[in-house]
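Since the structure comes first, as structure tokens, the remarks are kept for the end.
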Amino acid sequence: MILKKLFVPALFAATAILHVQPLTAQEKISSDDLFVQARNAAFQQKNYPKAIALCQQALAGSPGYTDIRVFLGRLYFWSDKEDSARITLDQALRENPSHEDAAVAAASIAYFTNRYKDGLAYAETGLQHHPKSPDLMLQKAKLLTATREYKYAARLTDSLLVIDPKNSDARSLAGRIRDFSASNKIGVSYDYTHFGKQFDDPWHLTSIDYSRQTKYGSIIGRVNYTNRFKTNGVQFEMDAYPSIAKNFYAYVNFGYSPDDGVFPKYRGGFSLYANLPKSFEADLGFRYLNFGNDTWIYTGSIGKYYKSFWFNLRAYVTPDDDRISHSYAFTSRYYLGGADDFVHASIGYGISPDDRTQAIQLNNNYKLLTHRISGGYRFTHKKLNVFLINLGYSRVEYLPKTKDDQITAGIGYQRRF
């Protein structure tokens, strides 16, 4: 009887311990398993309500599981529940202030909901704990760009590309803000074109430009001087890159020359650029040239940033009474550092109205058949000095069954201040 009285309570105690330990382990495994199920419901099944319910169930058992709470905040945002997303992510950051993904998610959602000041606060707080986080640096650069703090955004993307030179999103953003990053820029360039037999004398083109950054975007004034056909001429131009919305900006051009024998009398252009997901970009627009008669040229392009590369395919279409003329260009860049440090190469067919060294040849009764290839190198020195070198070769059929070789070489310099 004494042994029985001692044995039964011990048996119950041992049984209770055996049941409690597996239950605790099961709870932990259950939270992780529910998280996996929630991600599967969101990404594979596209069922956000189910994913939200699974996250809520997991947090009921593990309220301190920050990764799940951050994912729940993202799910709320994807479900158009912005207030719930903000409350959930704020709670995650209160409970775990150093959680990197929580800061990234909060800054990202603030960016997409136009709460730029809040987004910068999230990003800066996160960077205090993770000063070299590529995701936080990118989010802060996006927010600075949205608030038109282009100079600081450019500095941040340059720093990010030093840490992560193959970051396509950072490369894309750096390319967009390159022309916005300095309050003032002045530049000079010279292009020389040699002809095998089409013209006896080479062509010379010298350009001087001044760029000023405003709160609406950059504005550029340019004076072009040329000697073509043994005739001197001058052209006055103005370019603008107005920022329209978070993911849209435009290119606007207007030019005039009193010497329409060597320049078009008037020129103009417009393109609307869109920054697309996955580091793609695209634009549509037109160019206008007047050589006594109006010439309208329609253009569009698609571009893609991939690691340290940029690829772009552009087309020009010119309708006229007889037929539709067209030209194409495929361009690639390989970035060696920041947005102004790269080598580039291009192959094309036809004459581009954006090529100031050759656009005058669009004023030709015979539609020139041109195949061209070019390359160049652009680099910075002490950040404020930009140098460029270009070299190109064209094979031109300027008369029926009559072809010529053309070589174009150019150099340029730009100073920021």
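Things worth noting here:
- In this structure the amide hydrogen of Leu336, modeled in the peptide plane, comes within under 5 Å of the amide hydrogens of Asp341, Phe342, Val343, none closer than 5 places in sequence on its chain.
- Lysine pairs meeting the criterion (Cα under 24 Å, 8 or more apart or interchain), as found in the range 182-416: 21
- Evaluated at q = 0.07, 0.09, 0.12, 0.14 Å⁻¹, a Debye calculation over the C-alpha positions of the chain (equal weights, vacuum) places log10 I(q)/I(0) at -0.48, -0.69, -1.01, -1.24.
- Converting the Cα gyration tensor eigenvalues of the range 271-347 into ellipsoid dimensions via √(5λ) gives semi-axes, longest first, of 29, 13, 11 Å.
- Compactness of the range 245-383 - radius of gyration and Dmax, Cα, Å: 16.5, 53
- Within a straight-line Cα-Cα reach of under 15 Å, Lys132 can be paired with the following aspartates and glutamates, leaving aside sequence neighbours fewer than 8 residues apart in one chain: Glu100, Asp101, Glu124, Asp158, Asp164.
- Sum of side-chain charges, Ala170 neighbourhood, beta-carbon under 12 Å (Lys, Arg +1; Asp, Glu -1): +2
- Karplus 3J(HN,Hα) series, Hz, for the range 156-164 with 6.51 cos²θ - 1.76 cosθ + 1.60 (x for Gly, Pro): 5, 5, 4, 5, 5, 6, 5, 6, 9
- Gap separating the Cα centres of the range 257-299 and the range 33-106, nearest whole Å: 47
- For Ser218, nonlocal amide neighbours, meaning residues 5 or more places apart or on other chains whose placed amide H falls under 5 Å from its own, are Tyr241.
- Packing around the peptides 97-109, 282-294, 393-405, taken as the average count of other Cβ atoms within 10 Å per residue, puts them in this order, highest first: 97-109, 282-294, 393-405.
- For Pro277, neighbours were defined as the other residues whose beta-carbon sits under 12 Å from its Cβ, and their charges (Lys and Arg +1, Asp and Glu -1) total 0.
- Computed from phi, the 3J(HN,Hα) profile of the range 402-415 under the Karplus parametrisation 6.51, -1.76, 1.60 (θ = phi - 60°) reads 10, 10, 9, 9, 10, 10, 10, 10, x, 9, x, 9, 9, 10 Hz, with x in place of Gly and Pro.
- Radius 9 Å from Cβ of Pro63, net charge of other residues (Lys, Arg +1; Asp, Glu -1): 0
- Couplings 3J(HN,Hα) for the range 203-214, derived from phi with the Karplus relation 6.51 cos²θ - 1.76 cosθ + 1.60 (θ = phi - 60°), are 9, 10, 9, 10, 10, 10, 9, 10, 10, 10, 8, 10 Hz, where x marks Gly and Pro.
Rule-based calculations on the coordinates, nothing more; no lab input. As the structure is a prediction and not an experimental result, all values here were calculated from the model. When we count neighbours, we look across all protein chains shown, and the Cβ atoms used for this are built from the backbone with ideal geometry, even at glycine.
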